[in-house]
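In what follows, a structure is listed as structure tokens, so that the remarks can point back to it.
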Amino acid sequence: MKAHLLYRDRDFDLPGSRPPHEAALAQDLELNTLLGAMAAGDPFLLEVARKAVLTSLNEPEAIGYRQRVLADCLNRPAIVREMYAIAVEALQREKGVWGVFSPRYPEGVRYRSVKLLQRFMDLLKRLRRIADAHGAQFRSEGFTTLFGMFTKELDDEYLSIIEDHLRRLEFRDGVLLSAGLDEGNKGTRHVLHKLYAKQNWAERLKDWVSECLFSDRSGYVYEIDERDEAGFRALKELNNRGIALVASALAQSTDHIQDFFSMLRLELGFYVGCLNLRERLAGKGEPTCFPVPLASGKAVLSGRGLYDPCLSLSVEQRVVGNDVSADDKLLVMISGANRGGKSTLLRGVGLAQLMMQCGMFVPATSFGANVCDGIFTHFKREEDASMKSGKLDEELSRMSSIVDNVRPNNIVLLNESFASTNEREGSEIARQIVRALVERGIKVFYVTHLFDLAQGFHRAKMDAALFLRAERLADGRRTFRLVEGEPLPTSHAEDVYRRVFGTVPVRRQGETSAVQA
């Protein structure tokens, strides 16, 4: 049995490889806040969410497969959580099996396998009842296939046969074996035989009378003295040889069902994490939607009401969403006032791309983008007293690592990169890097206060460039919305002037204010 709720044709591999830039990506996008909301305090769910989010799907159809399964989960959350609880209970029951038999010998393997299978049978029946009662309410291919398997493979007749076999394999009436003699009178060809059902009292009385009157079978019986330790060891060895094949088959069946419950818990764990996150966001009235994933080859990214879910999870009030239309754009340059929502939008774009490509909903009212093969981030870092080199060297080192790994059809998110040096030098470094990335077909989102850099790209009138600016009202208030517009040279100065002097002097026509200068 296979769950196949995350992939149509294969299992989910939790210990698989992760991107080498995972630490930077998690730090810059504040990914731990998102994953923590998905986990809701469960370390296992945290690990599942981290792996699923960071191992993106690159095919729109594969993303759609997960989206349809997730849609079923969002429509029937109680049923999904019940199935997840059954899978968790199965693994907990496995830990509670113990006995006096050593697991190194066939008898110990048999004992453990029978006990486990008996405990699993009740859980398999519960899954079957869920499939019978609720299977028709699910529409996705993943769930219909899973429930169809429960109905077909776990029908009443099959479950009854399994329970009968398990009762017989307890060997409460002893073990019936046959064997032959090999060279040197060594036992060979040990075969375990089926014990027939017990006869009723009349049949047993008839056989007993017949045996007493007409047969002498005393020569076929050998009784071991209760103090004969060697005899008991020999009998135990004979028993182990006789049940070895049965014990092996039982162990394989047990491992198969146990692996199924493990994979069911793993794959449902991702969707339970999505339910946890959705409940947190919906509780604040934040919108979510299923994005439209598009094939790679053409730069597409557009969204309405796009916001940073990690910011929303960290504050009490709702956050402001933004509309972005960056279709056919390889460069999106974002400038404007401090605390105007620039970095928030940048993180929102990165998280939306990650969430879309792992089959999740995204934090927006609508969103669509082409799938990419990797996301890289280069955000400014706080001053580190332990650094052995300057801050610019540290920025260049991180950028060098990105350049070594970035490929066409990747996304690079830069936030205040190279602002640690003077504007002319920082702008020139950034300009050359951004041009090289765009020429290679790499999508770049750049939040910057380097006016020379932003204005230089704007004057170049690149068709593949979009320029966004943090909106600021006349009185200095921020709306936290970003609008299309030319970069302005007054991003910082008016803020500083207003903070020191209270108001900004009104310029007469033809004058250049000290603030702008």
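Report whether or not V48 is assigned to a helix (DSSP H, G or I), touching a residue at least 60 places away in the same chain (Cβ under 8 Å), closer than 17 Å to S140 by Cα and not assigned by TED's automatic domain parsing to the domain that holds N409.
no
In the range 284-302, is there at least one residue being closer than 28 Å to Y65 by Cα and free of Cβ contacts under 8 Å to residues at least 12 places away in the same chain?
no
Just checking, how many residues over the range 262-283 are of a type in the set (D, E) and either without any contact (Cβ under 8 Å) to a residue 24 or more places away in the chain or farther than 20 Å from G64 by Cα (or both)?
1
Here is a list: R66, R10. Which entry is within 20 Å of L264 (Cα to Cα), assigned to a loop (DSSP other than H, G, I, E, B) and either modelled with pLDDT of 95 or more or not assigned by TED's automatic domain parsing to the domain that holds F445 (or both)?
R10
Does the range 380-397 contain at least one residue that is in contact (Cβ under 8 Å) with a residue 60 or more places away in the chain, closer than 27 Å to K51 by Cα and either touching a Ser or Thr at 6+ places or on another chain (Cβ under 8 Å) or assigned by TED's automatic domain parsing to the domain that holds C274 (or both)?
The answer is no; no qualifying residue exists.
Being modelled with pLDDT under 95, among the small types (G, A, S) and in the same structural domain as G142 (by TED's automatic domain parsing): is that true of G108 here?
Yes, satisfied.
Report, by residue number, each residue of the range 430-440 that is under 13 Å from V406 (Cα atoms) and surrounded by 15 or more Cβ atoms within 10 Å (Cβ to Cβ).
I433, V434, L437, V438
Do we find that S312 is within 30 Å of P43 (Cβ to Cβ) and either without any contact (Cβ under 8 Å) to a residue 12 or more places away in the chain or in the same structural domain as A460 (by TED's automatic domain parsing) (or both) in this structure?
For S312, the condition - within 30 Å of P43 (Cβ to Cβ) and either without any contact (Cβ under 8 Å) to a residue 12 or more places away in the chain or in the same structural domain as A460 (by TED's automatic domain parsing) (or both) - is met.
Conditions tested, residue by residue: (1) in the same structural domain as F379 (by TED's automatic domain parsing); (2) in contact (Cβ under 8 Å) with a residue 40 or more places away in the chain; (3) farther than 24 Å from E30 by Cβ.
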position	(1), (2), (3)
L414	yes, no, no
F418	yes, no, no
G426	yes, no, yes
R440	yes, no, yes
G456	yes, no, yes
A465	yes, yes, yes
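Taking only the range 69-90 into account, find how many residues are in a loop (DSSP other than H, G, I, E, B) and at pLDDT below 95.
The qualifying residues number 0.
When P408 is evaluated against the numbered criteria (1) under 35 Å from the mean Cα position of the chain (by Cα); (2) buried (at least 17 other Cβ atoms within 10 Å of the Cβ), which criterion, by number, is the only one it fails?
(2)
For the range 7-34, which residues satisfy the criterion of being in contact with a Lys or Arg (Cβ under 6 Å, 6 or more places away or on another chain) and farther than 30 Å from V315 by Cα?
Result: L14, single match.
For residues in the range 282-310 being touching a Ser or Thr at 6+ places or on another chain (Cβ under 6 Å) and surrounded by fewer than 24 Cβ atoms within 10 Å (Cβ to Cβ), which is nearest to I411 (Cα to Cα)?
The residue in question is S302.
Quick check on the range 445-463. Is at least one of its residues charged (D, E, K, R), closer than 22 Å to G321 by Cβ and modelled with pLDDT of 70 or more?
Within the range 445-463, none of the residues are charged (D, E, K, R), closer than 22 Å to G321 by Cβ and modelled with pLDDT of 70 or more.
The values are calculated or read from the model by the stated rules, or taken from the named source; none is laboratory data. These figures come from a predicted structure and were not determined experimentally. Note that each Cβ is placed from the backbone with ideal geometry, even for glycine, and that neighbours are counted across all protein chains shown.
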